[in-house]
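Here, each number is a calculation from the coordinates, and none is a lab measurement. Fair warning: this is a prediction, and the values are worked out from it, not measured in the lab. Because the Cβ atoms are built from the backbone with ideal geometry, glycine has one as well, and the counts that use them run over all protein chains shown.
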Amino acid sequence: MKKVCLAAPHLYEERNEKITLDRFLNGEQAGDLEIVKFEKELSSYVGTRKALVLSSGTVAIRLALKSLGVKSGDVVFWSSITYPPSCQAILSLGATPVFIDIDPLTWGMCPQSLRLAFQQLKEKGQRPRAVVVVNLYGQSADMDPILEICHEYGVPVLEEAAESLGATYKGRMSGTLGAVGIYSFNKNKIITTLFGGGALISNDPSYVDKARDCLSENRNDLMSPIAASIGRRQLEVLAKRLERKKEIYETYRRAFKEIGEIEMMNICDYGHSNYWLSVMTVKRGSVVTSKEIMEKLKSHHIESRLVWKPMHFQPDFSDFPFFTIQEGTSIAEDYANRGICLPSDTQMTQGEQDRVVNIVKQLFINSK
Ligand SMILES: Cc1ncc(COP(=O)(O)O)c(C=O)c1O
């Protein structure tokens, strides 16, 4: 039986589409030109003045932090739910992360918890060097209140949009609202450069120039021309992917409506999500747990993933401060306990999605 993937790499939308790699190897396009063109096309798509394409989203995060002047001894505020290795960049710079709870409606940084963290640091005469806002699972955080607070304290925002390329916030592209933004094009993202890839974008060319200056001689930080060539073709199919991702989410939403214990991730009306992953939570007190759902799907060769354990519970980061306005369990911890990312691969067939739905539904029906 064919394995159903969470989100797999797709080089083509249609089977007869000509592979970009072949075109490149046939010498139709010159390498460096591909990088310049991809940077231009990406910045034109998201509407920023400049872009720098790199070998991964993680590299983009490290360079973005450097371009914002983060250095040893600095404090950086960071959303508590994110892709854990992406935070290593901060440790490699010798800075200290301070984690901020997420908002239950947006899954992005909670503005009230952010304010609390600013106030408490201020009492100690401290101020973070930067705030990293993660747009989780394809949806923008509620940027206006976050930007307002950061502006009040004079601290720049790095919009960590690794997962949210193509999403919008109040008519603007996700990733473009902070001082600097980053995207990831790794294999499971909404578009991929296949060999790993990422980008740093900004409306202020000086941040991009600074990041370029910080590029070490280490050529591993650069995107390869072949990856850029693939990225250009992938940008052309992004609109189609956005439609398909939304369709997948809507199918789950409709199918699970009748199961009272299931809640799909809230989609905010201040913009469009890119629905990178369809995420659900089981209600508190449900007999069926997210872990059981994952195990059951796995036994049917279907991939799913639990919501990431919050950073303040990760072994390398559990000693760093965490701020929340919640009493007792934080939102990040609660969602990590109850959340699961369902298969959201754009090439999943209707029949495959029906199988996923039926397996999940059956678990709840059998538990009665
Ligand atoms: C939220 C988030 N941040 C950062 C990254 C890192 O991107 P990359 O894998 O391209 O280094 C990812 C993806 O893997 C991610 O999902």
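Give the distance, in whole Å, between the Cα centre of segment 316-338 and the Cα centre of segment 61-113.
14
List every residue whose amide H lies under 5 Å from the amide H of Ala130, counting only residues 5 or more places away in sequence or on a different chain, with H placed 1.01 Å from N in the peptide plane.
Excluding prolines and chain starts, which carry no amide H, the hits are Phe77.
Once R0 is set to 25 Å, what does the formula 1/(1 + (r/R0)^6) return for the Cβ-Cβ distance between Thr349 and Tyr270, expressed as a FRET efficiency to the nearest 0.05? Mind dumping the intermediate values first?
On the way: r = 32 Å, r/R0 = 1.30.
Efficiency for this residue pair is about 0.15.
Using a Gaussian network model of the chain whose springs link C-alpha atoms within less than 10 Å, name the residue from Ile201, Ile262, Ile182 with the highest mean-square fluctuation.
Ile262
Can you spot the lysines whose alpha carbon is less than 16 Å from Lys3's alpha carbon? Ignore those fewer than 8 places along the same chain.
Lys296, Lys298
Report the far tail of the P(r) of the chain, meaning the percent of Cα-Cα pairs longer than 25 Å. Numbers along the way, then the final one.
Details: 36374 of 67528 pairs.
Everything past 25 Å amounts to 54 percent.
Of Lys2/Lys40; Lys66/Lys124; Lys189/Lys291, which pairs sit farther than 32 Å apart, going by alpha carbon to alpha carbon? Before the final figure, lay out the partial values.
Working: Lys2/Lys40 38 Å; Lys66/Lys124 25 Å; Lys189/Lys291 23 Å.
From Lys2/Lys40; Lys66/Lys124; Lys189/Lys291, over 32 Å: Lys2/Lys40.
Compute the separation of the alpha-carbon centres of segment 348-366 and segment 164-188 and state it in Å as a whole number.
What the calculation gives is 31 Å, centre to centre.
With runs of 4+ DSSP H residues as the only contributors, calculate the mean residue ellipticity of the chain at 222 nm using -39,500 (n - 2.57) per run, divided by the residue total and rounded to the nearest 500. Each step should come with its number before you reach the end.
Working: 11 runs with 139 residues, N = 368.
Rounded to the nearest 500, the figure is -12000 deg cm²/dmol.
Convex hull volume of the Cα atoms in segment 20-236, per residue, in Å³?
109
Return the FRET efficiency for the residue pair Val36, Lys291: r is the Cβ-Cβ distance, R0 is 51 Å, and the value is rounded to the nearest 0.05.
Numbers: r = 47 Å, r/R0 = 0.92.
Here the calculated transfer efficiency is 0.60.
Normalised by the residues of the chain, what does the relative contact order come to in percent, with Cα pairs under 8 Å and at least six apart? Show your work: numbers first, answer last.
Numbers: 767 pairs, mean separation 87.5, N = 368.
This gives 24 percent for the chain.
For Lys368, list the aspartates and glutamates whose Cα falls under 17 Å from its own Cα; do not include residues on the same chain fewer than 8 positions away.
Glu258, Glu261, Glu292
Express in nm, to one decimal, how much length is gained between Glu123 and Arg253 on full extension, taking 0.36 nm for each residue of separation and deducting their alpha carbon distance.
Working: separation 130, 0.36 × 130 = 46.80 nm, distance 4.50 nm.
Computed gain between Glu123 and Arg253 is 42.3 nm.
Please order Tyr249, Tyr153, Tyr83, Tyr275 by the number of other Cβ within 10 Å, starting at the fewest.
Working: Tyr249 23, Tyr153 15, Tyr83 18, Tyr275 29.
Ascending Cβ contact count within 10 Å gives the list Tyr153, Tyr83, Tyr249, Tyr275.
Take every DSSP beta bridge with both residues inside segment 20-236 and express the antiparallel ones as a percent of the total, to the nearest 5.
On the way: 13 of 28 bridges.
For segment 20-236, the DSSP antiparallel bridge percentage is about 45.
With the cut-off at 26 Å, tell me which of the pairs Lys170/Lys240; Lys187/Lys257; Lys50/Lys245 have Cα atoms farther apart than that. Spell out each step's value before the answer.
Values: Lys170/Lys240 21 Å; Lys187/Lys257 31 Å; Lys50/Lys245 28 Å.
The pairs that break the limit, which is 26 Å between Cα atoms, are Lys187/Lys257; Lys50/Lys245.
Determine the principal axes of the Cα atoms in segment 146-204, then give the extent along each, sorted from largest to smallest and rounded to whole angstroms.
40, 20, 17
Which lysines, if any, have their Cα less than 21 Å from the Cα of Lys122, not counting same-chain residues under 8 positions apart?
Correct list for Lys122: Lys71.
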